[in-house]
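These notes concern the structure reproduced below.
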């Protein structure tokens, strides 16, 4: 629905940045997606500012083969650290992944039950804690944006390894 | 005496923490605390009022579009702009879409598992399940093979040890009452609803340009109609909207409502639990003759006191004596001190955190204990939400609302007083979804008729230019979010935002006590609620979830000294 440039044969890949840009570093995932030049990607790759979209993100996630998710985490690591994770079930996600997506990752489990789960690769960016209501990233996080943008750009060139089975409820 | 704490703080930063005191198997006192600070007001100060919607839309991931709607209305009210008919219709279509999707998700994914026992569904008889499903409605997916396949898949999932979505339930709890087969239908529709919901929200993408966080516009809507043009909203896109609406109506009438009524029939005892406050407030929404004429809204505006449905009071968002926010138990400070209440136009957002650093064992409920302010209408605590909306309409004699409410009461064979309960709140959400599913068809037909007759206007640009604005002005945008009355207030000075305040539904329902010690809706609704097993406070979850709080919660059980003795995570 967001655009129709995808060709039928190539696996569809979604680069999805989530977070709340009103809460400083919490919005780092959105900053990364905004730093990407979508036009430079092949037509099967789509970039989406997921904001704090929670359940509204199920539709874009369900309609692709691989999701590259970028989100902030408060995991006690040095702020600005980046981890690449391949979570399968909700319990595999860092359990301090911030508030806005909790319903989303829980519902991902339902996709596994239905056989409609996309492959998810998570780039978790460590932040120091929930921030005041500001729209700027902290000085520590600012240089991380271009670094993660490069990482997810490289990730988008890797096709999904899984083949999705057909849903039982579609 | 036991103190039960429901709190997401130790799991993630969240919105809500509940502490409940249990004596003799019943809740005798309760405290609700918002644990996440808001301060959007500070970000907005000094900005162009026409941009405010884009910021407030990101306050909440679930109510995203209604915040934008409240914002553009607030600015239009301040500057004196009325929107063209097509813009009103498109906004109503966006509103209806949001409510239908949100209510279905709430019922199946955030609330149903409080009533449906997933583990019990594993031993249901697929043949019997099919028979029952066919008595509920003519929805096509009711064959024994369908339920048997689903059950096998569910078993494999459970056997894998990764219960996932189902990991956090209190399966086998004595408060679960449904037959195995009805549980299996519930699980089937949980999964079907997940597939279904992704379609209906495409209406937001079509009219709002993108999703999540669709576009809004002060003075109208940012979409252009041209029935022949490829890049505009054309006949093809409108036909797609028509299909999405039809599918949504089908799901509501053939799945959601039959399930709601079937489940409610087994839980009629919950029509006497969780009533809480006896005052209800609705701002109303879905204008049909412009925002300035609330008497023509589909959801009417008004307040009910003491459950007296024969009298509905007028509500005025601009009267500084009606809606006021208190901070006696909230982590804020006012220039005038802790005992005064401020109308939002005079609202102050000065943080004053005096609580413990999380994770903490028990809140100091004698002092300040929440990040939510405590709003009051004429100094009364009010419940907001689907139940309040239906009661206000019912009290005003709204024929459509009376019809669906009376039909449901008759079917369940319960009196109108059954509405004042946990079950009533959950039923009201479904019943208003039925109404909204009818209204979205009316709005869409009217829009199509306008377009066919050549009426294409979607924006009133007369006062777009700030040079046309007064030097100072103020406005209020009253609206309804799925979980209740939502309003924004603005003061504009020298073309910039001077003050901006939001009073959101959860502030009404989840706020701490007021300056007079009166409880708000969550706290009051828990009083008297039975708790069969203190280690598994399913009953607390049922009542709190009946209000549709935004986030998942974690539950912790504490003994009277506040010592942590048990922890269970709940969604």
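What follows is calculated from the coordinates using simple rules that are stated; it is not laboratory data. Bear in mind that the values here come from a model prediction, so they are computed numbers and not experimental data. Note: ideal-geometry Cβ built from the backbone for every residue, glycine included; neighbour counts use all protein chains shown.
Some values worked out for this structure:
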{"item": "Structure-based [θ]222 nm, chain B - -39500 (n - 2.57) summed over DSSP H runs of at least 4, per residue, nearest 500", "result": "-11500 deg cm²/dmol"}
{"item": "Packing-based ranking, highest mean first, of A:135-145, B:490-500, A:67-77 given that Cβ atoms within 10 Å are counted", "result": "A:67-77, B:490-500, A:135-145"}
{"item": "The range B:316-369 and the range A:46-98: distance between their alpha carbon centers, rounded to Å", "result": "34 Å"}
{"item": "Stretchable slack from residue B:411 to residue B:127, in nm (0.36 nm times residue separation minus alpha-carbon distance)", "result": "99.6 nm"}
{"item": "Cα→Cβ-extended label distance, 7 Å offset, between residue B:153 and residue A:128, nm", "result": "4.7 nm"}
{"item": "Computed E for residue A:92/residue B:180 - FRET, C-beta separation, R0 41 angstrom, nearest 0.05", "result": "0.85"}
{"item": "Ranked by how many other beta carbons lie within 10 Å on average, peptides B:419-429, B:297-307 from highest", "result": "B:419-429, B:297-307"}
{"item": "Mean separation of Cα contacts under 8 Å, 6 or more apart, over the residue count of chain B: relative contact order %", "result": "26 percent"}
{"item": "Dimensionless Rg over Rh [the range A:15-155; C-alpha; Kirkwood]", "result": "0.94"}
{"item": "Overall form of the protein assembly as shown per C-alpha gyration tensor (a/c, 1.5; a/b vs b/c)", "result": "rounded"}
{"item": "Estimated FRET transfer efficiency (residue B:29, residue B:471; beta-carbon r; R0 60 Å; 0.05)", "result": "0.75"}
{"item": "DSSP beta bridges in the protein assembly as shown [antiparallel fraction, %, rounded to 5]", "result": "75 percent"}
{"item": "DSSP-defined antiparallel bridges as percent of all bridges, the range A:15-155, nearest 5", "result": "25 percent"}
{"item": "Inter-label distance, nm, simple model (7 Å from Cα along the C-beta direction), residue B:305/residue B:515", "result": "1.8 nm"}
{"item": "Spacing of the two label points (7 Å from each Cα toward its C-beta) at residue B:445 and residue A:81, in nm", "result": "6.1 nm"}
{"item": "Residue B:199-residue B:348 FRET efficiency (beta carbon distance; Förster radius 45 Å; 0.05 resolution)", "result": "0.55"}
{"item": "The range B:248-312 versus the range B:482-533: alpha-carbon centroid distance in Å", "result": "18 Å"}
